[in-house]
Structures are given as structure tokens and as C-alpha cells.
Amino acid sequence: MPGLHEITVTAPMWASDGQYYLHGNEFDPAGFTYTGFNGLLAPLTPGTGISTPGTFAVILTGTETGPLTVTLELHSTAPPPPALDPWDEIVEASLSLPAGDAFLIDAHDHTPFPSLAPYTGAPCRIRVHARGRDQAHDIGTTETPVEEHLIQIWPAPTTSITEHKLTDHVGTLSH
């Protein structure tokens, strides 16, 4: 895919209602049900719920309201398999973001990350790693990040959702 570069950016991301999003021109979480949800990453398509590929994604946090630390890695090819030990949860899914612009974004349409436009208009893969969600959930609203996520995105054919690791309590609340 043209315009792809290896990029890594770490920044605070604001969680609202225990979530944040990856979306472009198509975004409508209305009517979303948790049926079949793994508790971390929901690839969605309006009107159909969880789908592979989704046209946008909801990422669930333990932080109800407040900042978390997010590292976004953009890849031109698949990254190595995930290291399981440092993380509580790791899930990956296919997305097919509509052509145009797309962002990793909070509920207030803010983002500290670069555009994901090079990953739109063709299938891509997103892998979400999370740790600290249980501790953040126990606090609720926070001023200081307690939770950390790693988001990896790369071009890839559509495949099913892969649940590499599901161990925290926050994820089980959403099943």
C-alpha cells in the first residue's frame, strides 16, 4: 500500500464511558450489542454489530473517564507475534476502513496520533494489547494514567478475530 511507513507514537488517550475508537467516515455505534464480544476489541459495521472485517472499532478500557497511555505502531507488514507475558489482554481483528481519513480517536473527537488514511480502502489488521485495566476499573475516574495499551496496525487480508490472551476481570464483565 502506498504511503505506509513504520511509525511509533506514544501519547495519552482520553477514555470516556470506558472506551475509545478507531474510525473514519463510517461510524455509528448505536445499537451495538456485546454479543460475541471478547471484552477488549470490537470490530463493528453499522447495522450488523461485531463483524469481520469491521468498518470501525471500539476499544474497551478499564478507565471509566480519564487518561490512559497508548502506543500506536503503524506497520507496512505484519509485526512479530505478540509477547504474551507483559500484557493482560491481546486481541486482533480485521478492519476494512472506508477510503478517506481515519483516526484513533476519543469520544470528543480528539487524537494525539497521526492519520490512518494509508490503511483505508483495503483490509488491514489491528492488534490491541492492554494491561492495568482492572486497576483502572477499581479507580473509575482518574487524573493520572493507570492503564496502558499498545495498538498495532498493518495491511493484511481479512481473517477471523484472534484472541491471543484474555485474563483480566474487565474483559469478563463484557462477555
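The values are calculated or read from the model by the stated rules, or taken from the named source; none is laboratory data. Small disclaimer: the values here were computed from a predicted structure and weren't measured. Because the Cβ atoms are built from the backbone with ideal geometry, glycine has one as well, and the counts that use them run over all protein chains shown. For accessibility, only protein heavy atoms count, side chains too; no ligands or nucleic acids. Shrake-Rupley method; radii C 1.70, N 1.55, O 1.52, S 1.80 Å.
Rank Pro157, Phe103, Pro145 by how far each Cα sits towards the positive end of the charge dipole of the stretch 101-175 (+1 on Lys, Arg Cβ; -1 on Asp, Glu Cβ) and give me just the farthest.
Ranked along the dipole, the leading option is Pro157.
Under the classification rounded if a/c is under 1.5, otherwise prolate if a/b is larger than b/c and oblate if not, where does the stretch 104-164 fall, given a ≥ b ≥ c as square roots of the Cα gyration tensor eigenvalues?
oblate
Does the stretch 47-175 come out rounded, prolate or oblate by the C-alpha gyration tensor, with a ≥ b ≥ c the root eigenvalues, rounded set by a/c under 1.5 and, if not, prolate when a/b is larger than b/c and oblate if not?
Prolate shape, in that a/c is at least 1.5 and a/b is the bigger ratio.
Describe numerically, in nm with one decimal, the distance between label points set 7 Å from Cα along Cα→Cβ at Ala107 and at Asp17.
Calculated label separation equals 0.6 nm.
Please report, in debye to the nearest 20, how large the charge dipole of the chain is about its Cα centre when each Lys and Arg carries +1 at its beta carbon and each Asp and Glu carries -1 there. Don't skip to the answer; put the middle values down first.
Numbers: 5 positive and 20 negative charges, 99 e Å.
That gives the chain a dipole magnitude of about 480 debye.
Only Cα pairs under 8 Å and at least 6 apart count here; give the relative contact order of the chain as a rounded whole percent.
Contact order relative to length: 31 percent.
Give me the distance in nm between label points sitting 7 Å out from Cα along the Cα-to-Cβ direction at Val9 and Thr162, one decimal.
2.6 nm
Classify the stretch 28-120 as rounded, prolate or oblate from the Cα gyration tensor: take a ≥ b ≥ c as the square roots of its eigenvalues, call it rounded if a/c is under 1.5, otherwise prolate when a/b beats b/c and oblate if not.
Note, shape of the stretch 28-120 comes out rounded.
So what is the accessible area of the chain per residue, in Å², with the probe set to 1.4 Å?
Value returned for the chain: 43 Å² of accessible area per residue.
Answer with one residue from Leu60, Gln135, His5: the one whose Cα lies farthest towards the positive end of the charge dipole of the chain, charges on Cβ with Lys, Arg +1 and Asp, Glu -1.
Going by the Cα projections, it comes out as His5.
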